[in-house]
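Here is the structure we will look at.
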Amino acid sequence: MKVVVDYDLCEANARCMQACPEIFYVDDDDNLQVKQETFDEALLSKVQEAVRLCPRQALAIGDD
Amino acid sequence: MPLPADIDLTNPDHFDQGPPHEWFTWLRANDPVYWQDEEDGPGFWSITKYQDLKHVSRHPELFSSWRGGTNIFELEEDDLTGVRLLMINMDPPRHAKYRRIVSKGFTPKRISLLEDHVRALARRIVDRIADKGECEFVSEVASQVPMATICEMLGVPEADHQLVYDLSNRLIGFDDPDFQTSMDDGGEAAAEMYAYAEQLGAERSKAPRDDLTSILLSADVDGEKLTQDEFDAFFLLLAIAGNETTRTVTAQGMRLLSEHPDQRRAITDDPSLIGPAVEEILRYAPAVISFRRTAMADVEIRGKQIRNGDKVVMWYPGANRDEEAFDDPQKFDVSRNPNDHHAFGIGEHFCLGASLARLQLRTIFDELLTRLPDIEVDGEVKYLRSNFIDGIKEMRVRFTPETQRRKAAS
């Protein structure tokens, strides 16, 4: 599974970082850095939280 | 139990003591995608479920903000053209281009830089009332922080804050006879706001500053500068959105803490609850009652066939008390966690000012409850007559004067 980000929608709210810091990092310049694009079952529920909570709905889960 | 025939969400009279929650509760359970007839309009679908509000919000390609605007009432073609200058009434890709002009200034990080400043404002506002023992909360407290903050961000000088405030009242209060007797007065207020924006813009063109007005002047969309109309509209949107909503939630929060003194006490006992309390106030009394979309295709929601061109209205107070999204949703609970309400919307049009609103709300309630812990409503609450904004026009409060409290404690 992989993380899909719509960078046009992202506005550095960083809810994703709160939900899943293993994957999402918003830097001091308000840029989202995805630390790892692909992930496995162990992180799925955290990534799902991130997807759900993003106020701009900028995230999705895609296939590899 | 009301029959569907009795439900009339079009009439602001039914909102004049706050939103009709009994209707929303009935609708969520019995007819969550409810067809509402209108006396002077084509009728519309009413959305009261949390997941459905999210669905409609997440799909601007299916539910347009542009096609009919975002207010419930139908607009004449000329007026529709006018409101489409405001980015709140745009769809992607155009919407994103406008929003991008200012969005970097509203991120949580950028807004956190205003913390000390907002704290100083809140302190001054409470200083002014602290030894009076009573005051009119809306004009003396609730309106003050957002007015000062958005005006400063816009670069409006302090001497003009009151003018911008009065104009935005007239623009929002179009259904309430205290503010406005007709749509025409709203039109007049808009014209006056535009005139002001242009005058300020002219000053900033000569000498730009680090404010939103200067940013709007230097901005471009697809290589083109904003037209005068686009600039005016953007200024108006920021002024109103920044003023009305935060003031409303501040006043509603004061009312709720007064009606639930146990909840107020929980916060004064444990100030770390301010953050969760603000979220609960937002959930329980969102400033925006409704926003409208127009279907761009035939769409089905919960078995209801929404036709291309149909009006669809999202009811935020309804969705925020959805039994399937919140445990015991009718309970006002300042320690509620999680609290993923939709007071700020979600998706493309998620409130740009959400972080700013949250900062202001946390700060003013912290200041009030720390220094005037027994503050409570004194007398009648005068609500705005509107099915758009859950406003409070006037609300007196009383409290032990600060100096007196300090003397008693020492």
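State yes or no: is B:Asp40 charged (D, E, K, R) and outside any loop (DSSP other than H, G, I, E, B)? Give the derivation first.
Working: charged (D, E, K, R): yes; outside any loop (DSSP other than H, G, I, E, B): no.
No: the conditions fail for B:Asp40.
On the stretch given as the range B:262-273, residues that are touching a residue at least 24 places away in the same chain (Cβ under 8 Å) and either surrounded by fewer than 20 Cβ atoms within 10 Å (Cβ to Cβ) or not aliphatic (A, V, I, L, M) (or both) total 6.
A single member of B:Arg396, B:Arg385 is in contact with an Asp or Glu (Cβ under 8 Å, 6 or more places away or on another chain) and in a loop (DSSP other than H, G, I, E, B), and it is B:Arg385. Look through the range B:108-129, keep the residues that are within 14 Å of another protein chain (Cβ to nearest Cβ) and touching a Ser or Thr at 6+ places or on another chain (Cβ under 7 Å), and return whichever of them is nearest to B:Ile215 (Cα to Cα). Filtering the range B:108-129 for residues that are within 14 Å of another protein chain (Cβ to nearest Cβ) and touching a Ser or Thr at 6+ places or on another chain (Cβ under 7 Å), the one nearest to B:Ile215 (Cα to Cα) comes out as B:Ile111. In the range B:353-366, the residues that are away from every other protein chain (no Cβ under 14 Å) form Cβ pairs under 6 Å with partners that are among the charged types (D, E, K, R), at six or more places apart or across chains, as follows: B:Thr363/B:Arg119.
Within the option set B:Gly133, B:Gly105, being farther than 19 Å from B:Phe234 by Cα and in contact (Cβ under 8 Å) with a residue 12 or more places away in the chain holds for one residue only, B:Gly133.
In this structure, does B:Trp45 turn out to be at pLDDT 95 or above, of a type in the set (A, V, I, L, M, F, W, C), outside any loop (DSSP other than H, G, I, E, B) and more than 20 Å from B:Arg293 (Cα to Cα)? Working first, answer last.
Values: at pLDDT 95 or above: yes; of a type in the set (A, V, I, L, M, F, W, C): yes; outside any loop (DSSP other than H, G, I, E, B): yes; more than 20 Å from B:Arg293 (Cα to Cα): no.
Criteria not met by B:Trp45.
Scanning the range B:196-224 for residues that are outside any loop (DSSP other than H, G, I, E, B) and more than 22 Å from B:Ala148 (Cβ to Cβ) yields B:Glu198, B:Ala202, B:Ser205, B:Lys206, B:Leu217, B:Ser218, B:Asp220, B:Val221, B:Glu224.
Of all residues in the range B:89-102, exactly one satisfies the criterion of being touching a residue at least 24 places away in the same chain (Cβ under 8 Å) and farther than 20 Å from B:Leu236 by Cα, namely B:Pro92. Those strands (runs of 3 or more DSSP E) of chain A in which at least 1 residues are more than 11 Å from chain B (Cβ to nearest Cβ) and farther than 22 Å from B:Gln51 by Cα, considering only elements entirely within it, cover A:2-5, A:24-26, A:32-34.
From the list B:Asp262, B:Asp222, B:Asp211, pick out the single residue that is of a type in the set (D, E, K, R) and on the phi > 0 side of the Ramachandran plot. First the steps, then the outcome.
Details: B:Asp262 fails: on the phi > 0 side of the Ramachandran plot; B:Asp211 fails: on the phi > 0 side of the Ramachandran plot.
That would be B:Asp222, the only listed residue that is of a type in the set (D, E, K, R) and on the phi > 0 side of the Ramachandran plot.
The values are calculated or read from the model by the stated rules, or taken from the named source; none is laboratory data. These numbers come from a predicted model, not from an experiment. Reconstructed Cβ throughout: ideal geometry from the backbone, glycine too, with neighbour counts over all protein chains shown.
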